[in-house]
Amino acid sequence: MTTLRLRPLLSVILTPLLAGCPDTPAMETDSTSTGGTSTGATTAVDPTDGGDPTAASTGPTDPTGTETSTGTSTEASTTDAVATDTTTTTTGDPSSTSTGDSTSTGDSTSTGDSTSTGDSTSTSTGDSTSTTDDSTSTGDTTVAPIDLPPVLVNFLVQGTTTPAPIGVPTLVLLEAEATDDKPDVAVDFYVDDTLLMTDDLPPFKATFHVGPADSGAYTLRAVARDTAAQTDASDDIGLGVAIAADGPGTEQWALPIEGDAFALAMGPDFLVLAGTLDDKTWVEQRTLDGLILWSETYSWGVAQDVAVHAAAGRIVVGSVTPFDDARLDMLDLQGASQWNSSLVGSSTVRVAFGPGPQVLSAAGFINEVDESAATKFRRFSLAGGALGPSKYIGSGEAEGLAVRASGEWALLTSSTSLIGKQTWTTLYSAADVELWEADAPHPRSGRDVAIDEQGRVITVGGTSIGWVPNYEEAHSWIEQRDLAGAVTWDLAGGPGFLDDSYDAVATLPGGPLVAAGLRHIKLGLAKYHVQTSKHTAGGATEWTAIHAGSGNFLEEEARDIGIDAAGAAYVLARESTPNGPQLLLIKYRP
């Protein structure tokens, strides 16, 4: 066997030819062939380096049987290999001509000797891209994930798919359940093809209020939607509304108030408002039709609470001075001052009449040593004399005070700390002995308390936002306890709305109660309105009314509430107007 040294000869032959081909790669091949078999060391060139990945090898034929393989061979050693048809022609032995289709599989690494006989198959491992007509490419393939559309599982109106017609002012509750393969689903709620609101956090809910002016037929629908604009709609649900203009819970009148009122108390045929006017304690008496009987200002301060004892002909007003001292003013039914007394060092004050009659006062007190909150409780006679020393009771400052005809009295206190606002409801005997105390569980915060003739204690309030990890869980609430302190019912006043709060509560003989508060319609659709609702002794809602102002919604709030013997509700509120906030007295029909 004769071995030909081809490198010098190839250099002589190919150098002139390659000089005009700048893209020709530097590829060297040492080839030895015997009897139709070519064996050689092949250096593969990476096409990404700027060269032509095709190397051509030519050589003379040795008559002794040693042959030179002439052909076109493509092998790419890059990550993504390109395979082209390869035809290998072997000269010297006619039977050694091979033409084959190349199958490229994955990344190709070529080292060692190359043997070409018959059909040639080039195999590489890794990621592969094939550009031949008959090439099969296999390897790692990334498939884009499929984004499935959302599914609207359920849609309810007033808790059902077949709601009964509505005949009293109320909040209509819409609820939906929706799922998606990704956490990006939201639900749009529609009323007569008009978008009411969008909720993007479960549970998906929305409300709208209906009153006498909203009587008619409505078509309601919910649509689940994802970020890819894929949707799934519910079936339509029909709702009928027929509310009489003079029916229960309808607004009878709303009258402006001159002073900045904070408190309201009911007499048998009149009502009393108290607050501040020109930086002085201000008190006003009106008929049940809203007509002013008299209006007076007294010492410097802001009235926070007022109580009426019609049989004794007395009105007691609790105020706080600019020096954070509580003050009691006793008036007759015509507004003439009878006496006053100071409770030094108090920032809040609540007053009530008890059996005797006596005046009960509860004033918030902050200990200057450790800054702890407590309530200073004291009794007074109608003539103004103190009935015993002050007592420091409760777990915080006074928020509400209510007395039963038999003498038991309920106190609502609150305290603010690093963990948020905490509130407690405590019931005392007529002898001022604590019967039980119950704290409002976080994130609840109490606002007012009442006690009815059956001894049931009702506490209302809202949510301490600092304690809410999810704003959707914020809501107003009403809780009723029996004389032993056990919860008889607990009602969430809002279906998951931010900053809902019932701020005042009053009771009727026999048990029905009315609460007034502030409603925030929805996060993202910020509209504060004054909401008033009436409930039975068992907690069922009889009607819900909403009064909406026309100006800055942030200025609207409820402050106090009273009920007359006929069951009509009187709400002291602040509404918004284009010219600023306006105090109102609103009357709702029983």
What ranking do 300-311, 379-390 get when scored by the average of other Cβ atoms within 10 Å per residue, highest first?
-> 300-311, 379-390
With 0.36 nm assigned to each residue of separation and the Cα-Cα distance removed, L483 to A311 gains 59.2 nm
Give me the accessible area per residue for the range 145-235, probe 1.4 Å, as a whole number in Å².
-> 49
Could you tell me which chymotrypsin sites (Phe, Trp or Tyr not before Pro) in the range 198-294 are loop residues by DSSP with no more than 14 other beta carbons within 10 angstrom of their beta carbon?
-> none
If r is the Cβ-Cβ distance from A245 to D200 and R0 is 25 Å, what FRET efficiency results, to the nearest 0.05?
-> 0.10
Which entries in K534/K587; K205/K534; K205/K587 show an alpha-carbon gap greater than 24 Å?
-> K205/K587
Among residues other than A311 whose Cβ falls under 14 Å from its Cβ, what is the net charge (Lys/Arg +1, Asp/Glu -1)?
-> -1
FRET E, pair K182, L435, Förster distance 41 Å, beta-carbon r, rounded to 0.05 | 0.15
Gyration tensor verdict on the range 276-332 (Cα atoms; rounded if a/c is under 1.5, prolate if a/b is larger than b/c, oblate otherwise) | oblate
Report in % the part of the accessible area of the range 211-262 that belongs to carbon and sulfur, leaving out ligands and nucleic acids; probe 1.4 Å.
-> 50
Say R0 is 22 Å: what FRET efficiency, to the nearest 0.05, do Q334 and D289 get from their beta-carbon distance?
-> 0.70
Note the full-extension length gain between A233 and D324 as 0.36 nm times their separation in residues minus their Cα-Cα distance, in nm to one decimal.
-> 27.0 nm
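The values are calculated or read from the model by the stated rules, or taken from the named source; none is laboratory data. Bear in mind that the values here come from a model prediction, so they are computed numbers and not experimental data. Positions of Cβ are backbone-derived with ideal geometry, glycine not excepted, and every protein chain shown enters the neighbour counts. Protein only, heavy atoms only, side chains kept; ligands, DNA and RNA dropped before computing areas. Shrake-Rupley method; radii C 1.70, N 1.55, O 1.52, S 1.80 Å.
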